[in-house]
Amino acid sequence: MNSTLRLAAAISLASLLPLSASAAESKGSVEVVHWWTSGGEKAAVDVLKAQVEKDGFTWKDGAVAGGGGATAMTVLKSRAVAGNPPGVAQIKGPDIQEWASTGLLDTDVLKNVAKEEKWDSLLDKKVADTVKYDGDYVAVPVNIHRINWLWINPEVFKKAGIDKAPTTLDEFYAAADKLKAAGFIPLAHGGQPWQDSTVFESVVLAVMGPEGYKKAMVDLDASALTGPEMVKSLTELMKVATYMDPDGKGQDWNLEAAKVINGKAGMQIMGDWAKSEWTLAKKTAGKDYQCVPFPGTDKAFLYNIDSLVVFKQKDEGTAAGQQDIAKQVLGQDFQKVFSVNKGSIPVRNDMLADMGKYGFDACAQTSAKDFLADAKTGGLQPSMAHNMATTLAVQGAFFDVVTNYINDPKADPADAAKKLAAAIKAAK
Ligand code: BGC
């Protein structure tokens, strides 16, 4: 063998060795597609990765950057079409049932875990139904996020002469005016469609209340979509938009969160994954930052449940990994550590009812208390912007109309409401 051939043989042997060694050690390999890629989100998902690896499985990370998950969904669709879906993927809300109806999700693999771990009694029926298809679990719910939050830097508020967090839209505008006058960015905001609609749905909730929100955003009732309350919501949205970061076009949510954390901006309207960035920056809730319900929505809770679905796999070895992930995800230890890092609250009823015992901070305790209270009053509503209320096609119609609207300061709100109803009708 000449020296070149010997080198080639050595390289190919070397490249084989680590693979066969890890294959021998690993109990199975499972790829997980998700969009938890900001610093705080990564810290949270790394907890699961470490646990699954500790249990002897190989975690293939399928992270797809892009807040809100639209890019991850596109990647997932093309992988499914190519016959190569991952073992596990982050999919939410009614989209889970759509995927399940294609026959691509596994309706068997979670059966025993769900029974042994008593998922039906651990979870609220609303949560369990979200991750079931025809009575079978096809996904494991990970955590609960609340959308209608306002994040505040109290130091910046103090410098701008604002003495309390706003509780009404008028107080919000007054605070934003003071922030502007003091040279701060009033509202950190990344101009991406999902972020625009995150603000939009919080404003709709404030103006129309939970019942009105349900009629328009969940039932997609044409008269609610074009009625005076929706026109008012769009009018208020345009006003809110005037305070948004002028450098925020196309910006990622976490980079905008950083502006509030670093004291350049005073506020951000964002779901509580924003807290993951504050936690990563070693800031304490109630001291370094404030979380308050978006003004006018303290009696309502727009929920967003992250969940991991299981796809049917050709390789039978993946099943054990899928089951391990599902089992770990609903364990008390993971539920606590993940939500502490992620800014969310657990999905387990026992933990939601006793948050102090598990060491959750003030924001998380308020969130759990409101989640349980609002479930009884009808204040608990699914988020449109985060895939919990509608199909992705209808969500796309909302996103287009809302983003076009707030980017055109001359746009007429009544006209935008009509466009909204028409786009949704076409997408249904
Ligand atoms: C997801 C969160 C994620 C956020 C930002 C939401 O739709 O539910 O888990 O942190 O998007 O990417």
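The values are calculated or read from the model by the stated rules, or taken from the named source; none is laboratory data. Here the structure is a predicted model, which is why all the values come from computation and not from measurement. Because the Cβ atoms are built from the backbone with ideal geometry, glycine has one as well, and the counts that use them run over all protein chains shown. Each accessible area value is taken on the protein alone, full model and side chains, heavy atoms only, with ligands, DNA and RNA left out. Shrake-Rupley method; radii C 1.70, N 1.55, O 1.52, S 1.80 Å.
Looking only at the range 94-111, decide whether some residue is of a type in the set (A, V, I, L, M, F, W, C), part of a loop (DSSP other than H, G, I, E, B) and farther than 23 Å from Gly317 by Cα.
Taking every residue of the range 94-111 in turn, none turns out to be of a type in the set (A, V, I, L, M, F, W, C), part of a loop (DSSP other than H, G, I, E, B) and farther than 23 Å from Gly317 by Cα.
Within the range 48-92, track down each residue that is in contact with an Asp or Glu (Cβ under 9 Å, 6 or more places away or on another chain), over 20 Å from Asp315 (Cα atoms) and away from the ligand (no atom under 14 Å from the Cβ).
Result: Lys49, Gln51.
Pairs only if they're at least six apart or on different chains, beta carbon under 7 angstrom, first in the range 37-51 and closer than 19 Å to Asp252 by Cβ and polar (S, T, N, Q), second within 14 Å of the ligand (Cβ to nearest atom) and part of a helix (DSSP H, G or I); list them, first residue then second.
Ser38/Asn254; Ser38/Ser276; Ser38/Glu277
Given the conditions (1) open to solvent by less than 20 Å² (accessible area, probe 1.4 Å); (2) within 20 Å of the chain's Cα centre (by Cα), which single one is not true for Pro193?
(1)
Just give me the residues in the range 80-95 being open to solvent by 10 Å² or more (accessible area, probe 1.4 Å) and either among the aliphatic types (A, V, I, L, M) or without any contact (Cβ under 8 Å) to a residue 40 or more places away in the chain (or both), in sequence order.
Ala80, Val81, Ala82, Gly83, Asn84
Considering only the range 324-400, give the helices (runs of 4 or more DSSP H) lying wholly within it that have at least 3 residues that are out of contact with any Phe, Trp or Tyr (no Cβ under 6 Å at 6 or more places or on another chain) and surrounded by 22 or more Cβ atoms within 10 Å (Cβ to Cβ).
Passing ranges, in order: 332-342, 362-377.
Is at least one residue of the range 329-350 in contact with a Leu (Cβ under 8 Å, 6 or more places away or on another chain) and of a type in the set (Gly, Ala, Ser)?
The answer is no, given that none of the residues of the range 329-350 is in contact with a Leu (Cβ under 8 Å, 6 or more places away or on another chain) and of a type in the set (Gly, Ala, Ser).
Each row is one residue, and each column tells you yes or no for (1) of a type in the set (S, T, N, Q); (2) in a strand (DSSP E or B).
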{"residue": "Val30", "(1), (2)": "no, yes"}
{"residue": "Val33", "(1), (2)": "no, yes"}
{"residue": "Thr37", "(1), (2)": "yes, no"}
{"residue": "Gly40", "(1), (2)": "no, no"}
{"residue": "Ala44", "(1), (2)": "no, no"}
{"residue": "Gln51", "(1), (2)": "yes, no"}
{"residue": "Ala72", "(1), (2)": "no, no"}
{"residue": "Leu76", "(1), (2)": "no, no"}
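What are the residues in the range 266-287 that are away from the ligand (no atom under 14 Å from the Cβ) and in contact with a Phe, Trp or Tyr (Cβ under 6 Å, 6 or more places away or on another chain), if any?
Once the filter is applied, which keeps residues that are away from the ligand (no atom under 14 Å from the Cβ) and in contact with a Phe, Trp or Tyr (Cβ under 6 Å, 6 or more places away or on another chain), the range 266-287 yields Gly266, Lys283.
So which helices (runs of 4 or more DSSP H) are wholly in the range 120-227 and hold at least 2 residues that are touching a strand residue (DSSP E or B) at 6+ places or on another chain (Cβ under 8 Å) and closer than 23 Å to Ala364 by Cα?
The helices (runs of 4 or more DSSP H) meeting that bar are 125-130, 154-159, 193-213.
Hey, could you check the range 245-296 for residues that are among the β-branched types (Val, Ile, Thr) and more than 21 Å from Asp177 (Cβ to Cβ) and say which is surrounded by the fewest Cβ atoms within 10 Å (Cβ to Cβ)?
Here the residue is Thr284.
Taking the range 307-323, which residues are crowded, with 24+ Cβ neighbours inside 10 Å and within 16 Å of the ligand (Cβ to nearest atom)?
Residue satisfying the conditions is Val309 alone.
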